[in-house]
Structure formats: structure tokens, C-alpha cells
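**Q** I have a structure here, written as C-alpha cells, and I will follow up with some questions on it.
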Amino acid sequence: MMIDKIKGFGGWPASLILTFLYFASELGSFAVGGDAGGFLWVTFHFVLMPLLSLGVLCWAVVRTLRTTGAVRKFVVLSSSVIPVAIIFVAITGEPGLARFFRLS
């Protein structure tokens, strides 16, 4: 079953992959530059990353409900901080890493 194959993907592994994708999309769109870079930045920043974040967030909640033990549940649920932060950045329109690295 598909659920069994991706069972270990929820929680922190998925959040760390999401963080890497976020860094790559922010810096990669700057490296491309011009109109294409701007298009890629907007597409990733406001469309793809929030959608991926929603998926990771939902999967973290499902995995939290299936996990036993209070400490383990807390660790898995704490991984939802990263997707929530990415969604918050997309909703507020914050340039994110571009501002941090002084690229915008």
C-alpha cells in the first residue's frame, strides 16, 4: 500500500526536505535572474511552496495521530513549525530569504 511506503516521510524528514526546497527555490530564482527568475520566484514562493507545505502539514498531523507516546507525538507535531512558517511567509508576502541575503 502507498501509505506504508511513505510512512516514514512525515514529520521532520519531510520538513527538512521542504526547507531545502525553499532555500533552493529562493536562491535558484535569483541565480536565474531577469523575468524568468522573477516568474520562478513568484511561482515557487506563492504557489508551489505553500501547496507543498499544506501537504507536509497534513501528513505531519496524520503521523502525529498515529504515533504513540506523548514525547514522540510532540516531536512529530513540532515539525509542523516549518510548513506553517512557509505558509505565513506566502500569505504575508514577505520576501523571505531574499530580504535576509539582501537580494531584493
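The values are calculated or read from the model by the stated rules, or taken from the named source; none is laboratory data. This structure is a prediction, so every number in the text was calculated from the model and none was measured. We place every Cβ from the backbone using ideal geometry, glycine too, and count neighbours over all the protein chains shown.
**Q** Residue under question is residue 95, and the condition is that it be assigned to a loop (DSSP other than H, G, I, E, B) and either at pLDDT below 90 or surrounded by fewer than 14 Cβ atoms within 10 Å (Cβ to Cβ) (or both); does it hold?
**A** yes
**Q** For residue 29, are the conditions met, namely being of a type in the set (Gly, Ala, Ser) and at pLDDT 90 or above?
**A** no
**Q** Condition test on residue 8, is it modelled with pLDDT under 90, assigned to a helix (DSSP H, G or I) and over 24 Å from residue 93 (Cβ atoms)?
**A** Judged against the criteria, residue 8 is a match.
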